[in-house]
Amino acid sequence: MASLKEMRNRIASVKATQKITKAMQMVAAAKLRRAQEAAEQARPYSQRMAAVIANLAAGVTGDAAPRLLAGTGRDQNHLVIVATADRGLAGGFNTQIVRAAREKIVSLLSAGKDVRIICIGKKGRDQLKRQYGDRFVETFDLSANRVMTLGAAQPIADLVLAEYETGKVDVVTLIYSRYKSVIAQIPTAKQLIPATVEEGAAVIDLGGATYDYEPSEEAILETLLPRNITIQILSALFENNAGFYAAQMSAMDNATRNAGEMINKYTLEYNRSRQAMITKELIEIISGAEAI
C-alpha cells in the first residue's frame, strides 16, 4: 500500500493535470466558436459553386466536356487525400478519419487499383506512414497557419491538378471530417475528380428563359472546375478545424471530470489510511500505558 506522502504527491499530480485539461477545454471552446463560424460561412459559397457547375454541366456533353468533368475514361489510378489535424488530445477525431481512409484504400487495393496518398496534417501522416508510406505523394503541415485561408488550400489543389494533368491519376477522393455539432463529426469521402454533382446542389430556376453564355459553357467550366477543387479542399479544412476543436473540447471536459473523480477517490483513500495510522498509534499508546 502506498505511503501517505506518495498519496499526497499523487493527488497533487492529478490536480495539476486537471488544471491543464480545464485550461485546454476553455481554449478549445473559445477557438471552436470562430472555427464553427468559418465552416458555416464557407458552406453557402461551396454549395452555390456546385449549383453553377451542375447547371453548366447539364449543357455540356460528349467530347466537349472538360477533362475535370468527364474524367480520363479510366478508373485504375486513384489519389486519396486524407485531411486530419496536426495535433492530438481530441479523442477519436483523427482516428476516425484515418479509419475511413484505410477502409477506402483497402477496398481500392482489393479491387486491383493503384492508390497514391496525399496527407494533410501530421496525425494522418503518422498513422498511415508505416503501412502506406511508400504510396505517399506529398504531406502538408498546416500547423503554421493560425488562420485558414485560400493560400493554405491552393498548394494542395495545384499538386492535385498537376498529378491529374500528367495522367498519373484518374480519380481523386478527399477524406475529411464534416462538422455536424459539438458531439458529432462525420468522416466523409468526397470525389473531387471527375467532378460530381452533389444531390443537395440547388438548381437555378431560369424561369423558362434560355441563356447564351459568353464565353461558352465549356470555357466557363474550364475556369470554374480547377477553382472548385481549391474551394472544396478549403471547405474541408474549415470543417476539419471546427470538428477538431469540438472534439478537443469534449475530450478535455471528460478528462477534467475523470481527474475530479480520481482526486475524490485518492482523497478518500488518503483519509482512510491516515485515520488507520492514527488509530493504530492510539492503540499502541493505550496498550503501553496499561502495561505500565
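Any idea which residue in the range 140-160 is farthest from the chain's Cα centre (by Cα), counting only those that are surrounded by 18 or more Cβ atoms within 10 Å (Cβ to Cβ) and not in a loop (DSSP other than H, G, I, E, B)? That would be 160. Restricting the first member to the range 153-179 and to residues that are farther than 30 Å from residue 246 by Cβ, and the second to residues that are among the basic types (Lys, Arg) and part of a strand (DSSP E or B), the beta-carbon pairs closer than 8 Å and six or more apart or on different chains are 163/116; 168/116; 169/116. One residue stands out in the range 14-51 among those that are polar (S, T, N, Q) and touching a Ser or Thr at 6+ places or on another chain (Cβ under 7 Å): the one that is farthest from residue 259 (Cα to Cα), namely 46.
Within the range 133-152, if we keep just the residues that are touching a residue at least 40 places away in the same chain (Cβ under 8 Å) and of a type in the set (A, V, I, L, M), the residue that is farthest from residue 237 (Cα to Cα) turns out to be 137.
Could you tell me which of the residues 256, 267, 279, 223 is under 35 Å from the mean Cα position of the chain (by Cα), at negative phi and surrounded by fewer than 17 Cβ atoms within 10 Å (Cβ to Cβ)?
Details: 256 fails: surrounded by fewer than 17 Cβ atoms within 10 Å (Cβ to Cβ); 267 fails: under 35 Å from the mean Cα position of the chain (by Cα); 279 fails: under 35 Å from the mean Cα position of the chain (by Cα).
None of the others qualify; the one that does is 223.
Working carefully through the options 231, 263, 204, 220, find the one that is modelled with pLDDT under 85 and assigned to a helix (DSSP H, G or I). Steps first, answer last, please.
Details: 231 fails: modelled with pLDDT under 85; 263 fails: modelled with pLDDT under 85; 204 fails: assigned to a helix (DSSP H, G or I).
After applying the criteria, what remains is 220.
Applying a threshold of 6 Å to beta carbon distances and a minimum spacing of six or more residues, or different chains, the list of pairs starting in the range 235-255 at a residue that is under 16 Å from residue 38 (Cβ atoms) and ending at one that is among the basic types (Lys, Arg) and surrounded by fewer than 24 Cβ atoms within 10 Å (Cβ to Cβ) reads 239/178; 245/31.
Every listed requirement among (1) assigned to a helix (DSSP H, G or I); (2) within 18 Å of the chain's Cα centre (by Cα) is met by residue 180 save one, (1). One residue stands out among those in the range 83-136 that are loosely packed, with under 15 Cβ neighbours inside 10 Å, within 27 Å of residue 254 (Cβ to Cβ) and modelled with pLDDT of 90 or more: the one that is farthest from the chain's Cα centre (by Cα), which is 103. Within the range 9-26, not a single residue is surrounded by 13 or more Cβ atoms within 10 Å (Cβ to Cβ) and in contact with a strand residue (DSSP E or B) (Cβ under 9 Å, 6 or more places away or on another chain).
Please report, ordered by residue number, the helices (runs of 4 or more DSSP H) entirely within the range 33-132 with at least 2 residues that are in contact (Cβ under 8 Å) with a residue 40 or more places away in the chain and in contact with a strand residue (DSSP E or B) (Cβ under 7 Å, 6 or more places away or on another chain). I'd like the intermediate steps shown before the answer.
On the way: elements: 67-70, 93-110, 122-132.
Counting at least 2 such residues, we get 93-110, 122-132.
Determine whether residue 13 is at pLDDT below 90 and among the hydroxyl-bearing types (Ser, Thr, Tyr). Considered against the rule, which asks whether it is at pLDDT below 90 and among the hydroxyl-bearing types (Ser, Thr, Tyr), residue 13 comes out as no. Restrict the check to the range 243-252 and report whether at least one residue is surrounded by fewer than 23 Cβ atoms within 10 Å (Cβ to Cβ), in contact with a Gly (Cβ under 6 Å, 6 or more places away or on another chain) and in a helix (DSSP H, G or I). Yes.
The values are calculated or read from the model by the stated rules, or taken from the named source; none is laboratory data. Note that the coordinates shown come from a computational prediction; the quantities given were computed from them, not determined experimentally. No Cβ is skipped: glycine too gets one built from the backbone with ideal geometry, and neighbour counts run over all protein chains shown.
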